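Notes for the one structure printed next.
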Amino acid sequence: MVAWKKFANGSTPKSANIKGDKFVGNYYIMFDKVHKEQMNELIDSGMDKNNVSENTEIMKLAKQELMNWEKNDKETRDIWKMMNEWVYGGFDKTYDLLGVSFDKNYYESETYLLGKNIMEEGIKKNILYKREDSSVWINLDNDGLDEKLLLRSDGTSVYMTQDLGTAVQRIADNSNVKGMIYTVGSEQDYHFKVLFKILNKLGYDWAANLYHLSYGMVDLPSGKMKSREGTVVDADDLIYDLISSVKHTTESLDKYKSNNEVLDFDDYKKIALGALKYYILKVDPKKNILFNPEESIDLSGNTGPFIQYAYVRIQSILKKVNKEVTIDNNYQLNDKEKEVIKIIHEYPSVVTDSYKELSPALIANYLYDLVKNFNSLYQNHHILNSESKESTSIRLLISVKVSHVIESAGDLLGIDLPNKM
């Protein structure tokens, strides 16, 4: 807000023709740039390095802005609401593009007061304490952590204040919920250890059922991404670049040029998003990921398009069958058929393990294993023009079951399956 007021000259996402969240993000970056420049100036003037961050001119303005916000200053609140609408409008477009939805949103602006009430409760119980400057802290030295600020000396809240309020509110709103999984990056490991410990000390019995699913970060070949420094890759740009790459790669194939079936934008989008989601989800959530866009759309690797292509191929086979499949119980399965059937039967236990370990990667890699083995069956044995009616029937039934598992697993992973590729 400070950076926008100082540098925007009244510019808006509409006037700048920039998506709302990206527009506001540019001022976030601008604030950080000016803040660092002013910190260096203070250091050069002789100020202690440990004190410069809180004493730059632009940081003082931000602190004042926060105090004005908490005092319900009309101008501050009006600008805040306007910029929030820009950001959330931009987020909604990206979520829609990704096919992501939420049951309910909780806003820190609506839970910070509850967090402050919890501070008062903690002080009365002698779990939290006030320093001379009126800031509120907790000492977790005996728990292997350290002292943590929970409320600033000027009375304004910090992330922890808001997270305490939000946790209590979420449980209050969902009486049947006995715990929560926080899916947040590994850079916040310490924060959540402190949050859970405070809730436990305050006597919330459900605090024992809080879990931080600490996921690794996603980097690109160009390097580590940092939103403050502007070294992030815009999600929308990445998705549209992938769609463009899928389209270009597809249209350069001889098979496509000789085919009368033309793919549309929706087909390319399904393939691109399948590539993006699968590439990330196939890795254990706790590990860092180097996302390689080119590698993610490789039709012969462990990729989303590899699985989608197998599904489209199966649908093409099944469309050519116009009678009900019957099974001969005396048929002797070959090794390839046995292997695929065995993998199909493993699916329920893989889903259960994925749930227990909070790891979609188990489903993703199972899916690759299933498709790889089905492809081996397809390449080594004819399905429609096989050696007998019995073998055709068995292989058709296997094809149907494989397609059902791909549909189910794709649904769990949030990956759409195209009708053609």
Mean Cβ count within 10 Å, highest first, over the residues of peptides 324-332, 408-416: 408-416, 324-332
Can you give me the C-alpha center-to-center distance between region 342-421 and region 97-140, rounded to a whole angstrom? 47 Å
Hey, what did region 289-405 get for relative contact order, percent, Cα under 8 Å, at least 6 apart? 33 percent
Percent relative contact order for the chain, counting Cα pairs under 8 Å at least six residues apart, stands at 12 percent
Hydrodynamic calc, the chain: Kirkwood Rh from Cα pairs, then Stokes-Einstein at 20 °C with viscosity 1.002 mPa s, so D in µm² s⁻¹ is 83 µm²/s
Just to be sure I understand: if I project the alpha-carbon convex hull of region 48-173 onto a plane and average over all orientations, what area do I get in nm²? 11.3 nm²
Among DSSP bridges having both ends in the chain, what percentage is antiparallel? Round to the nearest 5. 50 percent
Quick check on the chain: helices-only [θ] at 222 nm, where DSSP H runs of length 4 and up contribute -39,500 (n - 2.57) each and the sum goes over total residues. Nearest 500, please. -19500 deg cm²/dmol
What is the packing order of peptides 150-157, 38-45, taking the mean over residues of other C-beta atoms within 10 Å and listing the highest first? 150-157, 38-45
Between TYR182 and residues 5 or more places away or on another chain, the pairs with built amide H atoms under 5 Å apart involve TYR211, HIS212, LEU213
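Read-outs throughout are calculated quantities, based only on the coordinates presented, and are distinct from any laboratory measurement. Keep in mind it's a predicted model, so treat the numbers as computed, not measured. Here the Cβ is made from the backbone with ideal geometry for all residues, glycine too, and neighbour counts use every protein chain on show.
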